[in-house]
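Read through the structure below, which is laid out as structure tokens, and then see the notes.
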Amino acid sequence: MENLPSLLRPHALLCPSLPLAPPLNSRTQVTPVPRRSRHRGTRLSTSAVAAKTTLRTKESASSDAFDWLDQWYPLAPVCDLDPRAPHGKMVLGLNVVAWHDRIAGEWRVFDDVCPHRLAPLSEGRIDHKGRLQCAYHGWCYDGAGACKFIPQAPALGPPVHKNSKACVASYPCVVQNKILWFYPRTEAEYKDVLQRKRPPYIPEIDDPSYFTAFGVRDLHYGYDILLENIINPAHLPYAHKGLVPKSSVVDNDDPGRYERSINSFTVEYDQEGGKPIKMKIEEESVTGFLCAMQGGSTRFTAPCTYQGTSANKVAAAGKTKAWFIVVALCIPVAPGKSRIIYGFPCNSGSWVYKIMPRWFIHLNENSVLDSEHYLLHLEERKYGEKGLDNWRDACYVPTSSDRMVVAFRNWFRKYCKNRIGWATSQPSELSPVLPKDRLLERYWSHVIQCTSCSAALKAMKALEVALQVASVAVVGFLAVAKGTLVTSTVQRTLVVSAAVLCFASSRWLADFIEKNFYFQDYVHAEH
């Protein structure tokens, strides 16, 4: 779609904004949706309130309300999950741990808590037998969540490790589209939920003729803000000025923007290239909506999946046309926090991206996310003051460019009552406004979660140290070799130049590392 390509051309941009929380006037505490009981015993996990959950599910069905616990949620791209270690994540208020069960050759998702003393299993390790081991006291668990070994229990004593209280709650999970998904219930009746319901499937991601480079980022604004922002292409040339390409397409249906000259029309856009965007909502239901746009369509599949698709995929004679789609998975983490997993499957120039390291692709994408982060962080708090129930009165949205935003807010109000069905009790208030150095930091929000960026950072730091050592070594060589190996002025000049070049390179690299892997401010007035 014309607006999509210019909006989210592969690896050239990216827009986030969506957490779900209580109405925004008071951010009143959300009633947690009951979670799951431990998979084989009487003990309840932090997700347990099974009886109440069943009642809520029946009520939801009767009122056509959106059931937040009857959904699949993405955890991370598999390429960013090291199978040698456990990975802790928060989704829907749940703390979970993903780990690779090498015995079964599958990923597992457990409650991130050891039943012994409630230590986080994500801080543990995979032991020599392929079991998940708690780092606190060494208790070990198999792929089903059963405790297999308690070091402190006598070998010939009672088999206390077989007690149901020693089990860890295990969630249904599946790898689809190269992403690990999990279902936030652990009751026995949901064990085979995959046969009834699967995560949204995007065939292009698995198509070998397409290339997809995934990215992930934790954000300091809620799920509804993230989603509202993602589905709003009108903000791109302004919030991301200088970071995303301008649209060069002329809108012949908007004659007021043209001034007739002798032989042609001259387009009268503003400097940033903003223009009207025609949208038409064609499908709406509890599962999401479909919007037709100039040059294609976009679909929101509740609760997480946004997909923008170009109008044409195949050209004449059956030849594949340059084509791409935009995929953004908007994940509710906690009130005022969300996570985005994104990718741009494309079959045009994919060879370029195949030889380009993923960390390099992420540089601009992280800058795009940074450029709007502070705006959305403050916007969410303004929404809170007005109240989400009063969103339509508080916000003036008169143009077609806002139709998807209105459609989402209508969906959120009608089917969710402007609330997210958190799986655990959550704070009733948002945090105070955070300073920019915390909002825009990249290390914890992205780098540590990205295998490519983590490896690049490690290599660059090693290179920085090597350059500094080289500069000192060259100066030392000059002092030692003066009058022997280095006898002429030209030789001394070359040696000194080499030392200066190494030192200057190390300083440039240090600045590059700081700005691209830790923190770089984005000041709109300077763009």
Breaking point among (1) of a type in the set (A, V, I, L, M, F, W, C); (2) without any contact (Cβ under 8 Å) to a residue 40 or more places away in the chain; (3) closer than 20 Å to A302 by Cβ, for V397: (3)
Complete set of residues in segment 53-73 that are closer than 19 Å to Y171 by Cβ, modelled with pLDDT under 95 and open to solvent by 20 Å² or more (accessible area, probe 1.4 Å): T54, R56, T57
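Let's see how each residue does on (1) over 30 Å from D82 (Cβ atoms); (2) more than 42 Å from the chain's Cα centre (by Cα); (3) hydroxyl-bearing (S, T, Y):
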site: P432; (1), (2), (3): yes, no, no
site: P435; (1), (2), (3): yes, no, no
site: S445; (1), (2), (3): no, no, yes
site: C453; (1), (2), (3): no, no, no
site: T489; (1), (2), (3): yes, yes, yes
site: L494; (1), (2), (3): yes, yes, no
site: A504; (1), (2), (3): yes, no, no
site: L509; (1), (2), (3): no, no, no
site: Q520; (1), (2), (3): no, no, no
Qualifying helices (runs of 4 or more DSSP H) (wholly inside segment 358-471; at least 1 residues being open to solvent by 60 Å² or more (accessible area, probe 1.4 Å) and within 23 Å of I277 (Cα to Cα)): 358-386, 391-394, 403-416
Within segment 94-123, considering residues that are in contact with a strand residue (DSSP E or B) (Cβ under 6 Å, 6 or more places away or on another chain) and among the small types (G, A, S), the one farthest from P427 (Cα to Cα): A98
Those residues of segment 286-303 which are among the aliphatic types (A, V, I, L, M) and crowded, with 20+ Cβ neighbours inside 10 Å, in sequence order: M293, A302
Residue under evaluation V160, criteria (1) surrounded by fewer than 16 Cβ atoms within 10 Å (Cβ to Cβ); (2) β-branched (V, I, T); (3) assigned by the TED database to the domain that holds T399, criterion not met: (3)
Breaking point among (1) modelled with pLDDT under 85; (2) open to solvent by 70 Å² or more (accessible area, probe 1.4 Å), for S488: (2)
Of all residues making up segment 176-203, the number that are in contact with a strand residue (DSSP E or B) (Cβ under 8 Å, 6 or more places away or on another chain), closer than 23 Å to N347 by Cβ and open to solvent by 20 Å² or more (accessible area, probe 1.4 Å): 3
Subset of segment 326-357 [buried (at least 21 other Cβ atoms within 10 Å of the Cβ) and of a type in the set (S, T, N, Q)]: S338
Condition met for N366 (touching a strand residue (DSSP E or B) at 6+ places or on another chain (Cβ under 9 Å), under 21 Å from G242 (Cα atoms), in contact (Cβ under 8 Å) with a residue 24 or more places away in the chain and not small (G, A, S)): yes
Leading residue by the ranking (modelled with the lowest pLDDT) among those in segment 305-325 that are over 20 Å from D402 (Cα atoms) and open to solvent by less than 50 Å² (accessible area, probe 1.4 Å): A315
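The values are calculated or read from the model by the stated rules, or taken from the named source; none is laboratory data. What you see is a predicted model; the values in this text were computed from it and never measured. Positions of Cβ are backbone-derived with ideal geometry, glycine not excepted, and every protein chain shown enters the neighbour counts. Calculation scope for accessible area: heavy atoms of the full protein, side chains included, ligands and nucleic acids excluded. Shrake-Rupley method; radii C 1.70, N 1.55, O 1.52, S 1.80 Å.
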